[in-house]
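Everything below concerns the one structure shown next.
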Amino acid sequence: MTRQVVTRFAPSPTGFLHIGGARTALFNWLYARGRGGKFLLRIEDTDRERSTPEATAAILQGLSWLGLDHDGDVVSQFEGAARHAEVAHQLLAEGKAYKCFASQDDIAAFREQARAEGKSTLYRSPWRDADPASHPDAPYVVRIKAPQDGTTVIKDEVQGHVTIRNDQLDDMILLRSDGTPVYMLAVVVDDHDMGVTHVIRGDDHLNNAARQMMIYDAMGWDVPVWAHIPLIHGPDGKKLSKRHGALGAEEYQKMGYPAAGMRNYLARLGWSHGDDEFFTDAQAKEWFDFAGIGKSPARFDTKKLENLCGQHIAASEDAALLQELLAFRRAIGESDLPDDKKDGLSRGMYCLKERAKTFPELTEKAEFILSDRPLHPDAKAQKNLDSVSRGILKELTPQLQNASWSRDGLEAVTNSFADAKEIKFGKMAGPLRAALAGRAVTPSVFDMMLVLGREETIARLEEAADFEPEGQPG
Ligand code: GLU
């Protein structure tokens with residue numbers, strides 16, 4: 001029987017959930033969820049100086065916005081310190097680690113001499129093979145006995161076999177002189193104890209893997225499957241900077257990208273499945289595998305992100321989209337909407353979601369629902385409310401009043417009015433948009449009429465027919 005897949009996301013809470021971290025989390029989530037596995041979350045808060053509860057909260061919030069749910073409780077690495085130290089003591093007892101009493105000065109002197117002799121400056125402690133009877137009563141660190149010859153091979157699912165010469169590995173410290181465990185030990189012990197089977201993380205951790213393997217080997221533990229993924233670069237191929245996307249997940253939420261679009265885009269950032277660009281979560285879970293991960297850094301591309309987000313908005317269920325729009329409004333600090341506006345949005349969602357790439361764009365289209373009479377037409381809309389246009393609206397209004405309030409009914413009345421007046425529908429569209437929304441760019445006039453209903457539509461048309469353009473009364 002194959003083991004259940006267990007992945008984890010292990011952020012250090014020193015800042016927000018940046019886009020690279022979000023992608024790492026997503027890859028781990030997809031890999032586990034697509035295989036009936038578990039996706040665990042561990043906060044690597046051992047660096048007490050740099051870890052903050054605010055950062056942890058921001059990371060949890062970002063993951064929750066992205067819909068990356070984890071299994072079990074959030075694990076605090078710091079809280080496992082006693083267990084991490086216990087493993088170091090076990091290695092000590094088994095002779096796989098040793099107490100090193102070298103002082104900083106001893107190490108500096110060793111390095112200086114090695115440099116002078118043109119040798120490797122990798123520290124070689126004289127305490128590695130010292131007789132415990134010779135141990136002084138002095139502070140010490142615990143070091144692992146690293147293999148000194150041969151090679152360590154990391155079998156990486158993305159990078160292939162990465163070979164490291166063991167003579168380049170030093171006897172890494174496991175416990176500091178105050179008895180606290182180092183980060184590298186904590187990661188291995190936690191991954192082992194949490195039953196992690198697959199470690200998917202940024203390739204900036206590839207070097208750590210070789211050192212971490214020493215601990216797995218010394219403990220006789222199964223080494224997890226490694227997958228070190230290339231980092232994300234900016235569109236110019238340089239390291240991702242704030243200017244092009246190295247923002248927190250929260251910022252993307254506030255910019256109004258839908259979470260499904262963001263997931264789709266992040267999945268495509270360094271991973272591909274044939275030519276598929278737009279896909280659902282279900283497809284991503286089914287398709288995601290290591291073979292599709294590229295070896296070179298992915299490039300962040302806002303245009304592509306927007307394009308995918310637009311497709312996800314268009315494909316979303318109206319009710320779910322309304323909920324996400326309301327969550328977006330809360331995230332940017334907008335006040336709650338009254339029920340009648342929510343009802344309007346709900347009725348209008350079918351036309352609002354077409355061709356909106358973000359929630360601000362969708363909101364812009366929803367302006368005809370969100371604003372109340374008297375409308376204040378913007379400059380472009382005002383141009384469509386000159387005296388001729390107002391005259392047209394005045395004549396059309398009573399005819400619409402008696403129309404059957406369906407798309408066919410409204411179209412029939414408007415078209416026969418245009419025929420009778422020998423004007424093109426296009427000529428009427430501008431004034432109608434201005435009257436119904438106070439804007440020049442809106443959903444179709446019939447959609448707006450249907451969403452607003454007869455009474456509100458007629459009231460807006462009547463009001464527009466009496467509109468007084470600024471600076472030119474009458
Ligand atoms: N805490 C590390 C980071 O935030 C990740 C370590 C790991 O995934 O093993 O970069």
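Every read-out reported here was derived from the displayed coordinates using simple, explicitly stated rules and does not represent laboratory data. What you see is a predicted model, and the numbers here were worked out from it, not measured in a lab. Ideal geometry is used to build each Cβ from the backbone, glycine not excepted, and the neighbour counts take in all protein chains shown.
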Euclidean distance between Cα centres, region 368-412 to region 417-474, Å | 2 Å
Where both partners of a DSSP beta bridge lie in the chain, what percent of those bridges are antiparallel, to the nearest 5?
-> 55 percent
Over the Cα atoms of region 149-194 the radius of gyration and the largest Cα-Cα distance (Dmax), both in Å, equal 13.7, 39
Return the inverse of the average 1/r over all pairs of distinct C-alpha atoms in region 273-379, which is the Kirkwood hydrodynamic radius, in Å to one decimal.
-> 16.2 Å
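When the expected Rg is taken as 2.2 N^0.38 Å, what fraction or multiple of it is the alpha-carbon Rg of the chain? Mind dumping the intermediate values first?
On the way: Rg = 31.8 Å, N = 474, 2.2 N^0.38 = 22.9 Å.
In units of the 2.2 N^0.38 Å rule of thumb, it is 1.39.
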Compute the relative contact order of the chain as a whole-number percentage, counting only Cα pairs closer than 8 Å that sit 6 or more residues apart in sequence.
-> 13 percent
Once both label points are put 7 Å beyond Cα along the C-beta direction, the Q283-R3 separation in nm becomes 3.3 nm
Looking at region 335-474, what % of the alpha carbon pairs are farther apart than 18 Å?
-> 54 percent
If unit charges are put on Cβ atoms (+1 for Lys and Arg, -1 for Asp and Glu) and the dipole of region 254-325 is taken about its Cα centre, the option from A319, I293, T280 lying farthest towards the positive end turns out to be I293
Grab the beta carbon distance between D217 and R330, set R0 = 45 Å, and tell me the FRET efficiency rounded to 0.05.
-> 0.35
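How large, in Å, is region 168-239 by the Kirkwood hydrodynamic radius built from its alpha-carbon pairs?
About 13.7 Å, per the Kirkwood formula over Cα pairs.
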Report the charge-dipole magnitude of region 288-329 in Debye, nearest 20, computed about the Cα centre from +1 at each Lys and Arg Cβ and -1 at each Asp and Glu Cβ.
-> 320 debye
Would you mind calculating the relative contact order of region 66-219 from Cα pairs under 8 angstrom and at least 6 residues apart, reporting the percent as a whole number?
-> 25 percent
Nearest-20 debye value, the chain charge dipole, Cβ charges on Lys, Arg, Asp, Glu | 960 debye
So what is the 222 nm mean residue ellipticity for the chain from helices alone, if each DSSP H run of at least 4 adds -39500 (n - 2.57) and you divide by all residues, rounding to the nearest 500 deg cm²/dmol?
-> -14500 deg cm²/dmol
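So if I place +1 on the C-beta of Lys and Arg and -1 on the C-beta of Asp and Glu, and nothing else carries charge, what would the dipole magnitude of region 275-424 be about its Cα centre? I want it in debye, nearest 20.
Numbers: 22 positive and 28 negative charges, 108 e Å.
Roughly 520 debye, rounded to the nearest 20.
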Quick one: check the C-alpha center-to-center distance for region 176-235 versus region 94-163, whole angstrom.
-> 19 Å
